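Visitor: Questions regarding the structure given below will be posed in turn.
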Amino acid sequence: PVHAKTYRYPEVHKQVVQKQINQMLQNNIIRPSDSPWSSPIWIVPKKLDASGNKKWGLVVDYRKVNEKTVSDRYPIPNITDILDKLGRSQYFTTLDLASGFHQLEMSPESIPKTAFNTNNGHYEYLRMPFGLKNAPATFQRVMDNVLKDLQNKICLVYMDDIVILNTSLQEHIQNLKLVFEALRKGNLKVQLDKSEFLKKETTFLGHVITPSVMGSCTKGI
């Protein structure tokens with residue numbers, strides 16, 4: 001089993017860590033652990049909140065676990081290919097899945113390997129955490145399976161980000177219903193406050209997208 005020394009972090013961050021630990025325990029994302037595996041945590045800055053205040057996130061450093069992990073070779077879509085397919089749309093809806101990877105349950109045999117230490121506890125993930133080597137490939141496979149009949153026809157998917165395609169308003173609304181129904185059947189939840197609906201211009205995968213007969217008009221932001 002992998003064991004790494006716990007990192008030190010400032011006193012001010014200890015409250016951040018404990019708050020996030022409590023939230024994840026309450027939401028059944030993690031549980032207390034007695035696993036012989038242990039990875040350290042980082043405290044990393046996140047986007048400012050609506051009031052412009054700094055936000056911090058807890059991230060597990062799984063580098064040593066990843067070194068012992070056999071790679072999942074399932075393909076991740078090429079971002080440029082996705083952007084090239086967006087030009088024919090006149091409206092854009094972008095959907096962001098709530099909590100991303102945490103929507104997927106960990107397999108029982110893998111749970112102990114996700115264990116991590118904080119300054120006052122040892123925990124393990126019941127749902128897939130960020131930072132695991134194969135998490136992106138695993139999530140992409142799930143999304144491709146859930147949206148397999150719609151993928152590349154009425155929507156494009158990059159892990160937990162979905163963009164819906166159309167050539168008319170009526171078609172767009174119908175496509176949106178089909179995508180929501182597929183996500184419902186797959187038991188996947190959308191975070192509405194991070195999603196945008198029926199936009200003439202939107203941001204997707206770090207690019208500004210607008211309608212164009214020649215293809216997507218993009219610029220990095």
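Visitor: Considering only strands (runs of 3 or more DSSP E) fully contained in region 54-155, which possess at least 1 residues that are at pLDDT below 95 and surrounded by 15 or more Cβ atoms within 10 Å (Cβ to Cβ)? If you could, list the steps in order and put the result at the bottom.
Guide: Details: elements: 55-60, 92-96, 116-118, 121-125.
Here the list reads 55-60, 92-96, 116-118.
Visitor: Identify the residue in region 7-23 that is outside any loop (DSSP other than H, G, I, E, B) and in contact (Cβ under 8 Å) with a residue 40 or more places away in the chain and, among all such residues, is farthest from K54 (Cα to Cα). Lay out the reasoning, then the answer.
Guide: First, pick out the residues of region 7-23 that are outside any loop (DSSP other than H, G, I, E, B): 11-23.
In the following step, the residues that additionally are in contact (Cβ under 8 Å) with a residue 40 or more places away in the chain were identified as 13-14, 16-18, 21.
Details: H13: 12, K14: 15, V16: 11, V17: 15, Q18: 17, I21: 19 Å.
Among them, the one singled out is I21.
Visitor: Out of R127, R184, R141, I need the residue that is in contact (Cβ under 8 Å) with a residue 24 or more places away in the chain, of a type in the set (K, R) and out of contact with any helix residue (DSSP H, G or I) (no Cβ under 9 Å at 6 or more places or on another chain). Which one? Steps first, answer last, please.
Guide: On the way: R127 fails: out of contact with any helix residue (DSSP H, G or I) (no Cβ under 9 Å at 6 or more places or on another chain); R184 fails: in contact (Cβ under 8 Å) with a residue 24 or more places away in the chain.
Every option except R141 fails the conditions.
Visitor: Let me ask another. Determine if region 54-67 includes at least one residue that is free of Cβ contacts under 8 Å to residues at least 40 places away in the same chain, basic (K, R) and under 22 Å from D193 (Cα atoms).
Guide: yes
Visitor: Among the numbered criteria (1) in contact with a strand residue (DSSP E or B) (Cβ under 6 Å, 6 or more places away or on another chain); (2) more than 26 Å from S71 (Cα to Cα); (3) modelled with pLDDT of 95 or more, which single criterion is violated by I164?
Guide: (3)
Visitor: Of all residues in region 171-202, which are assigned to a loop (DSSP other than H, G, I, E, B) and loosely packed, with under 13 Cβ neighbours inside 10 Å?
Guide: Start the filter on region 171-202 by keeping residues that are assigned to a loop (DSSP other than H, G, I, E, B), which leaves 186-189, 191, 195, 200-201.
Once the filter is applied, which keeps residues that are assigned to a loop (DSSP other than H, G, I, E, B) and loosely packed, with under 13 Cβ neighbours inside 10 Å, region 171-202 yields N187, K189, K200, E201.
Visitor: Now a separate question. Whether any residue in region 31-41 is surrounded by fewer than 16 Cβ atoms within 10 Å (Cβ to Cβ), within 15 Å of T118 (Cβ to Cβ) and within 20 Å of the chain's Cα centre (by Cα) is what I want to check.
Guide: No, that holds for no residue.
Visitor: Still on this model: Output the number of residues of region 158-170 satisfying the condition of being surrounded by fewer than 16 Cβ atoms within 10 Å (Cβ to Cβ) and either among the aromatic types (F, W, Y) or farther than 17 Å from T94 by Cβ (or both). Walk me through it before giving the result.
Guide: Residues of region 158-170 surrounded by fewer than 16 Cβ atoms within 10 Å (Cβ to Cβ): 167-170.
After this cut, where a residue has to be either among the aromatic types (F, W, Y) or farther than 17 Å from T94 by Cβ (or both) as well, the list is 167-168, 170.
Going through region 158-170 one residue at a time, the tally reaches 3.
The values are calculated or read from the model by the stated rules, or taken from the named source; none is laboratory data. In this text, all values refer to a predicted model and were calculated from it rather than measured experimentally. Note: ideal-geometry Cβ built from the backbone for every residue, glycine included; neighbour counts use all protein chains shown.
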